[in-house]
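The values are calculated or read from the model by the stated rules, or taken from the named source; none is laboratory data. Computed from a predicted structure; not experimentally measured. Every residue, glycine among them, receives a Cβ derived from its backbone with ideal geometry; neighbour counts consider all protein chains shown. Heads up: the accessible areas ignore ligands, DNA and RNA and are worked out on the full protein's heavy atoms, side chains in. Shrake-Rupley method; radii C 1.70, N 1.55, O 1.52, S 1.80 Å.
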Amino acid sequence: MHSDFCQERLVGKVGESGGGTYAVNIKNSVTLLAKATVESVVQEKFGSKAARIFRLLLRKKYLEQKQIEEFAMIPAKEAKDLTYTLFAEALLSLQEIPRTPDYAPSRTFYLFSVNIDQVCRMLLDRCYRTMCNLITRRENETKDNKRLLEKQHRVEAIVSSLVTSGADKSQVQEVEEMITPPEGVQLKRVKHMTTKLEQGELQLDETIFVLSTYLTMCEKAILSKPSTRKK
């Protein structure tokens, strides 16, 4: 486990006292987490083979289509389709390197790569828009059923008061029956929907946190670099 962390440069030795002092490299840890988050998004949306291609390009940096097919061990047509799907979704970048001045396709290298900063910005923007949609849907669901939810709260408050005061079960049941069977079905549906939307918000919030933290660290790293401009 220790060697794995060191190989990924997540932990580094910073001193020799007490048999060695180690520190977590936050920048590398956040970068690795951001890449894993993006890979997870790719796999969830496009499947394991697309994720394999994405991971391959993260590791190899630049590859031609033929190399992608060979290294990923995916049939040529399927690899090509997946690669161009990822490219169309702005998850891959394409660089043209001509061997001659005329830019003839037959004499041009087409290299695919992953610009992780660009991908993270794009996904973060999508996450914000999706979050806005989820919150709006949840609020509309609550608003559309406001009266029924308020009735449920009143009934629950009365039942709680009766139970606390030691009322008969028949009295409690009579109050509970103020919620009709159709209303009960509707309340279950509303609860299921709002719970599902809230879970989606929580999951999305984790993704937003990882991507925004990574991009913030990248921006700080750029700003902290000494300027090469002559005074």
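Of the cross-linked pairs Lys151/Lys196; Lys60/Lys196; Lys45/Lys146, those separated by over 28 Å at the C-alpha level are Lys60/Lys196; Lys45/Lys146. Shown in residue order for region 145-155 are the 3J(HN,Hα) couplings computed by the Karplus curve 6.51 cos²θ - 1.76 cosθ + 1.60 at θ = phi - 60°: 10, 4, 4, 5, 5, 5, 4, 4, 4, 5, 4 Hz (x for Gly and Pro). Ranking Tyr84, Tyr110 from most to least accessible surface, computed with a 1.4 Å probe over the protein chains only, gives Tyr84, Tyr110.
The Cβ shell under 15 Å around Arg154 holds other residues with a net charge of -3, Lys and Arg each +1, Asp and Glu each -1. A crude spin-label estimate for the pair Tyr62 and Ser40, with each label 7 Å from Cα along the Cβ direction, gives 3.2 nm. With Cβ to Cβ distances under 15 Å as the rule, what net charge do the other residues near Ser170 carry (K, R +1; D, E -1)? Charge balance in the 15 Å sphere: -3.
When the residues Tyr214, Tyr62 are ordered by accessible surface, computed with a 1.4 Å probe over the protein chains alone, the sequence from largest down reads Tyr62, Tyr214.
Run the paramagnetic zone check for Ile97: 7 angstrom along Cα to Cβ, then residues of region 65-81 with backbone nitrogen under 16 Å. Output list for this probe position: 65-68. For Phe46, the accessible surface of its heavy atoms amounts to roughly 50 Å² (probe 1.4 Å, protein chains only, rounded to the nearest 10).
Sorting Arg147, Arg129 on solvent-accessible area from highest to lowest, probe radius 1.4 Å, gives Arg147, Arg129. Placing dummy labels 7 Å off each Cα toward the beta-carbon, the span from Gln118 to His192 is 4.4 nm.
Taking all protein chains as they are arranged and a probe of 1.4 Å, the heavy atoms of Thr164 leave approximately 120 Å² accessible to solvent. The heavy atoms of Leu86 offer some 0 square angstrom of accessible surface to a 1.4 angstrom probe.
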